[in-house]
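The values are calculated or read from the model by the stated rules, or taken from the named source; none is laboratory data. Note that the structure is a prediction, hence the values are computed from the model and not measured. A quick note on method: Cβ atoms are made from the backbone with ideal geometry, for glycine too, and the neighbour counts reach across all protein chains shown.
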Amino acid sequence: MSLNIEQLEKEFQDKIDRGENIEPKDWMPEKYRKTHIRQISQHAHSEIIGMLPEGNWITRAPSLRRKVALLAKVQDEAGHGLYLYSAAETLGISRDELFDQLLTGKAKYSSIFNYPTLSWADIGAIGWLVDGAAIINQVMLTRTSYGPYARAMVRICKEESFHQRQGYEIMLTLSNGTEAQKQMAQDSLNRWWWPSLMMFGPPDEVSTHTEQSMKWKIKRKTNDELRQQFVDITVPQAEILGLTVPDPDLKWNEERAHYDFGEINWDEFWQVIKGYGPCNKERMTTRRKSWDEGEWVRDAAVAHAEKKAARRAELKKAV
Amino acid sequence: MKKEWPIWEVFIRSKNGLEHRHVGSLHAADETMAIENARDVYTRRQEGVSIWVVESKHITASNPDNNGEMFEPAKDKAYRHPTFYDLPVELKHM
């Protein structure tokens, strides 16, 4: 058993090329482990921060039907965050370290959640567009090479489709409503369209992680491929709503059999990533507050569990 | 105090007649909370009728580095499978 690192790496790559999954206790290159911790935790943080913009509208949902659905969706996001944190923990990082990385700003989350939810229609647009974009990414990730991540994705994808349908239904209702309601839906699409396209990450030619990630089958499609897939799927859905996608350059390209679309404002993307989006500060402040204010509850639960265990041990001794 | 809640592995029986299957893990201060959290996280859509939780540290796992000596000996024992035996095609119910 004196394999050197090159042999181990070669065997590892062969295993991936054969289509085998990597499981937690298997040997893996340190960079594979680190890349996964970064990507899975970023994904987990996105689920948790993603609860905030939507939570904003729970108390103001227009009907009980909408309210129970939104509550269930936000609760799902918490569950998705948990599946992903658990997957990240199999790589040897603790939950507290992961939270710490989020709260100190060391770890990122999807920049889309730094945009505000200004109207009820935004809840529709988020479900339709943001969850729609997430689904495209996540369906790809169900076949990712790291077992625990792939399994978390399968579970998440099963639950996610209700999210998108409830969002689309909200948009449909508003689009078929009064002129003011239709306007609200259009305004929401105008604001969420471009940030949704940015969700797939920077263009392939500047994406620093894509090449290695493809080789290790962490990703199976590039950012631009996924983005194109999203545009192709979503434009006809906007047409059913009778809404206009806010892109004058958008048009069907017969030759490519894809939609051509306009230039994305990458300056905005990088600004938001760097912390200058409309809600970055607010999101982090809310998370930190909830973490700090929950500390006594976490500690009390541990104290209670320890007391109970001690009492049980004493009873056993007495018998 | 700053003490992390321990990790628990969660197993769910989806319906009577089937076995419990591993579905994932979670953190909880004790076994009661582990069951409650497992219910909230892993059975939101009627995925189960029974839950087991066990603290992860109590699980002993085989070492994948030893997979060769662990699992390969079974490879050349085809005689443990019914198809190993040559029988006439007209033979029924066997």
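A compact table of results
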| item | result |
| --- | --- |
| Segment A:49-73 residues that are of a type in the set (S, T, N, Q), paired with ones that are not in a helix (DSSP H, G or I) (beta carbon under 7 Å, 6 or more apart) | A:ASN56/A:THR117 |
| Any chance A:LEU174 is touching a Ser or Thr at 6+ places or on another chain (Cβ under 9 Å), of a type outside the set (Lys, Arg) and assigned to a helix (DSSP H, G or I) | yes |
| Residue selected from segment A:223-267 under the condition out of contact with any Pro (no Cβ under 9 Å at 6 or more places or on another chain) and polar (S, T, N, Q), by the criterion nearest to A:SER145 (Cα to Cα) | A:GLN229 |
| Some residue of segment A:17-36 being in a helix (DSSP H, G or I), more than 26 Å from A:SER145 (Cβ to Cβ), more than 14 Å from every other protein chain (Cβ to nearest Cβ) and of a type in the set (D, E, K, R) | no |
| In segment B:56-72, residue nearest to A:SER94 (Cα to Cα) [restricted to those that are within 11 Å of chain A (Cβ to nearest Cβ) and outside any helix (DSSP H, G or I)] | B:ALA61 |
| Tally, over segment B:1-55, of residues that are facing chain A (nearest Cβ under 10 Å), touching a residue at least 40 places away in the same chain (Cβ under 8 Å) and of a type outside the set (A, V, I, L, M, F, W, C) | 2 |
| Some residue of segment A:66-76 being within 12 Å of chain B (Cβ to nearest Cβ) and either under 18 Å from B:HIS27 (Cβ atoms) or at pLDDT below 95 (or both) | yes |
| Subset of segment A:245-293 [assigned to a helix (DSSP H, G or I), hydroxyl-bearing (Ser, Thr, Tyr) and surrounded by 14 or more Cβ atoms within 10 Å (Cβ to Cβ)] | A:THR286 |
| Where a residue in segment A:263-290 is closer than 14 Å to A:ILE48 by Cβ and its partner, wherever it lies, is loosely packed, with under 12 Cβ neighbours inside 10 Å, with Cβ under 9 Å and at least six apart | A:MET284/A:GLY105 |
| Which numbered condition A:ALA150 fails, given (1) in a helix (DSSP H, G or I); (2) modelled with pLDDT of 95 or more; (3) small (Gly, Ala, Ser); (4) out of contact with any Lys or Arg (no Cβ under 7 Å at 6 or more places or on another chain) | (4) |
| Residue within segment A:7-25 that is under 28 Å from A:GLU97 (Cβ atoms), surrounded by fewer than 14 Cβ atoms within 10 Å (Cβ to Cβ) and without any contact (Cβ under 8 Å) to a residue 24 or more places away in the chain present | yes |
